[in-house]
Amino acid sequence: MDDLLNVSNISISFTQYVQGLNQHVLKVISDLSLSVKEGEVVAILGSSGSGKSLLAHAILGILPENGNCEGDIVFKGEVLSQERKEQLRGKEICLIPQSVNFLDPLMKVGEQAIGDVPKEEREEAFKKQRDVFSKYGLSEEVDDLYPFELSGGMARKVLLSTALLSNPELVVADEPTPGLDSQSVKETIKDIKQMAQDGKGVLLITHEIDVALKTADRIAIFYSGYVIEINKTENFNDVNNLLHPYTKSLIEALPRNGFKLTEGVQPLDDVDGCPYFENCPIRDDFCKNNIPSLIEHDGVMIRCHKYNGEVE
Amino acid sequence: MKFLGYKAVRLFILLVAVAAVSFLMIELSPIDPVKSYAAEMGASVQQMAALRSYWQVDVPTYQKLLDWLFDLLQLNLGVSLIYRIPVVNVILDKFTASAILMITSWAISGVFGFVLGIVAGAKEGSWIDKIIKGYCYLLQSSPAFWIGLIIMMIFSVYLRWFPTGLAVPVGTLASEVTFFDWLYRLILPAFTLSIVGIASIALYTRDRLVNILNSDYFLFARARGESHWSIIKRHGIRNVLLPAITLQFMSFSELFGGAVLVEQIFSYPGIGQATVAAGLRSDVPLLLAIVLISTVFVFVGNTIADVLYKYVDPRMRGEDDE
Ligand SMILES: Nc1ncnc2c1ncn2[C@@H]1O[C@H](COP(=O)(O)OP(=O)(O)OP(=O)(O)O)[C@@H](O)[C@H]1O
Ligand SMILES: [Mg+2]
């Protein structure tokens, strides 16, 4: 099957001015590649502040002005220009944003969910919105609430609804679960899987391994601005099926670590060698001065010099 | 409702305090009502004595204060020295004229300031933004009377659209002036006050809108494919309007100050002109009454701002803490 979304060699950096006129380039995402097929959920797993939201924003063409993005974003075989992103967003590509702050505080959520529709289509849009809301168990009173009156779980569902209402082909969900009780988390996971079953591609951004494992078909591991491994979810059941030493340590640490990622994964300033060099148990001198590239093996992607084509 | 009752009590206490303080200040000041009255009227020695007893010169201050406050409660504010009619009538007459001037320019500056602010904010960084911003900074840093003089120079002296001296004799009643006379006299002062008032509201609106343009919900609206102007219309104006109106109501005190100057420049027969006249010619009863009515005016503005803030914004509605 063809890729719905193909992100190839994306780098995102910010030009900042420190102390007057000294320019400083902060590189947040380096050489990131991943793909999402129709009906597939791909999770991207990275710690807080590692640039996950920026990736989502790059796909939708809403990066901040001082951010620059290199590399190609290919949607259904077409390289997306900024203009094309502007045409597609809200229609074929939808963002489910990270928090309730992404809703207008002074607009009732029902009205907000339908978005900007022409007058003559409003009635129908509201009907559809009611359908989607009730599917998520949001009663009619919820339509007339303001965002600040929603509970965390309700807000999540409203945000999910905004995406469903435009019936997109690709959904980019930015951390849909934090702050939810376990029941709501379960429901959200179910809803996302349902989207995939309906044939949509989902890029799920999260820092919770648990959620990624339960939801995704494939998981991309994000470390220090690099994707270091993309593997099938079933391979995460067995450490021996994983390729990168960081992924292994991650999974090994799971129960004890309370599902937390190890520290030291913020984007670093330019490194000359492997981003995982400092913490790597199997490093050698070559790793110190050469950045490994992301190579594909059997549908699995890995970025490690020590990987020699077979699973140990 | 509880809130409004509370506000009414506050206003009452405030008025009593303002009345007492301004009364005492006049008592302690070198203004001698008997002398100024005599100067106005030209009085004989017997008349002077009568005046002394009328003005209770020999009664202790606290007694006078209490008497005055008591009269005040009955809306008996005495007789104006310079207009020679009851102060209440002077106030009604002058204040109506001023209120029309102030409300007109208040509304005009509000609407135009808001529109300019929205345009500037929406086009942040563009030449039109820079022009609007520059214009506002220029206005903010120039005093109202100076702008009034410039406008008078342009429209009265240079273009000759309006006569320079628009004065009507002191004491002329509004009823003796035709509606068009009055409208004619209103134009320049209202224009001046509007221009002066635009700056702060425009800059505020612009600032708020720029903040919104950097907000998460603006980002999300863009991500949903809404166009820039549609977002400004749907989300920008919605979120800026209420605080902007609130600010506009809070500006009643500046409005009053501006009106005093502008009325003086254009000889507009309003409360501002009456204030200056009352001050210069020691018309104590009128002066005190003006102090009180301006207190009420500013208080009403602030109260409306409070009410808007507390009851119209859905985020504040639930919390009644006072
Ligand atoms: N406009 C900007 N200018 C400079 N740096 C920025 C800018 N926006 C984001 N960053 C940096 O990019 C990094 C990544 O931000 P991002 O919001 O993508 O993180 P995240 O992975 O989504 O984190 P979280 O899990 O908290 O949502 C942050 O460390 C932040 O400092
Ligand atoms: Mg984020």
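The values are calculated or read from the model by the stated rules, or taken from the named source; none is laboratory data. Since we're looking at a predicted model, the values are computed, not measured. FYI the Cβ positions are ideal-geometry reconstructions off the backbone, even for glycines, and counts take in every protein chain you see. Heavy atoms of the whole protein, side chains included, go into the accessibility calculation; ligands, DNA and RNA do not. Shrake-Rupley method; radii C 1.70, N 1.55, O 1.52, S 1.80 Å.
Residues in region A:118-140 that are surrounded by fewer than 16 Cβ atoms within 10 Å (Cβ to Cβ) and within 14 Å of another protein chain (Cβ to nearest Cβ) were compared, and the one that is nearest to residue B:224 (Cα to Cα) is A:118. Candidates A:115, A:110: the one that is under 28 Å from residue B:243 (Cβ atoms), touching an Asp or Glu at 6+ places or on another chain (Cβ under 8 Å) and away from every other protein chain (no Cβ under 12 Å) is A:110. Once region A:55-77 is narrowed to residues that are closer than 28 Å to residue A:276 by Cα and buried (at least 21 other Cβ atoms within 10 Å of the Cβ), the residue that is farthest from ligand 1 (Cβ to nearest atom) is A:73.
Taken across region A:194-211, residues that are basic (Lys, Arg) and either open to solvent by 20 Å² or more (accessible area, probe 1.4 Å) or within 16 Å of ligand 2 (Cβ to nearest atom) (or both) do not occur at all.
Reported count of residues in region A:270-306, each being more than 26 Å from the chain's Cα centre (by Cα) and open to solvent by less than 40 Å² (accessible area, probe 1.4 Å), is 1. For region A:78-89, a residue qualifies if it is surrounded by 17 or more Cβ atoms within 10 Å (Cβ to Cβ) and more than 10 Å from every other protein chain (Cβ to nearest Cβ), and exactly one does: A:80. Just a yes or no: is a residue in region A:142-160 at pLDDT below 90, aliphatic (A, V, I, L, M) and within 15 Å of the chain's Cα centre (by Cα)? Yes, region A:142-160 contains at least one residue that is at pLDDT below 90, aliphatic (A, V, I, L, M) and within 15 Å of the chain's Cα centre (by Cα). Does residue B:174 fit the bill of being open to solvent by less than 90 Å² (accessible area, probe 1.4 Å) and modelled with pLDDT under 75? So residue B:174 passes the test.
Tell me, which residue of region B:202-241 that is touching a Cys at 6+ places or on another chain (Cβ under 9 Å) and assigned to a helix (DSSP H, G or I) is surrounded by the most Cβ atoms within 10 Å (Cβ to Cβ)? The extreme case among them is B:202.
What number of residues within region B:201-230 satisfy the criterion of being of a type outside the set (S, T, N, Q) and away from every other protein chain (no Cβ under 12 Å)?
Step one: of region B:201-230, the residues of a type outside the set (S, T, N, Q) are B:201-204, B:206-210, B:212-213, B:216-226, B:228-229.
Now restrict to residues that are away from every other protein chain (no Cβ under 12 Å): B:201-204, B:206-210.
The total comes to 9.
State all residues of region A:192-210 that are of a type outside the set (Val, Ile, Thr) and farther than 16 Å from residue A:38 by Cα; if no residue qualifies, say none.
Quick first cut of region A:192-210, residues of a type outside the set (Val, Ile, Thr) only: A:193-201, A:203-204, A:207-208, A:210.
Passing the criteria: A:207, A:208, A:210.
Only one of the numbered conditions (1) modelled with pLDDT of 85 or more; (2) surrounded by 13 or more Cβ atoms within 10 Å (Cβ to Cβ) is not met by residue B:164, and that is (1). Screening the candidates A:196, A:173, A:163 for the property of being in contact (Cβ under 8 Å) with a residue 12 or more places away in the chain, hydrophobic (A, V, I, L, M, F, W, C) and over 21 Å from residue A:102 (Cβ atoms) yields one hit, A:196.
Considering each of A:164, A:250 in turn, give the residue that is within 19 Å of the chain's Cα centre (by Cα), crowded, with 23+ Cβ neighbours inside 10 Å, farther than 26 Å from residue A:61 by Cα and away from ligand 2 (no atom under 16 Å from the Cβ).
Details: A:164 fails: farther than 26 Å from residue A:61 by Cα.
Being within 19 Å of the chain's Cα centre (by Cα), crowded, with 23+ Cβ neighbours inside 10 Å, farther than 26 Å from residue A:61 by Cα and away from ligand 2 (no atom under 16 Å from the Cβ) holds for just one of A:164, A:250, which is A:250.
Taking the criterion of being surrounded by fewer than 19 Cβ atoms within 10 Å (Cβ to Cβ), away from ligand 1 (no atom under 15 Å from the Cβ) and on the phi < 0 side of the Ramachandran plot, the residues of region A:23-54 that qualify are A:37, A:38. Listed by first and then second residue, the pairs linking a residue in region A:90-117 that is open to solvent by 30 Å² or more (accessible area, probe 1.4 Å) to a residue that is part of a strand (DSSP E or B) and within 16 Å of ligand 1 (Cβ to nearest atom), with Cβ atoms under 9 Å apart and 6 or more places separating them unless they lie on different chains, are A:98/A:174; A:98/A:205; A:99/A:174.
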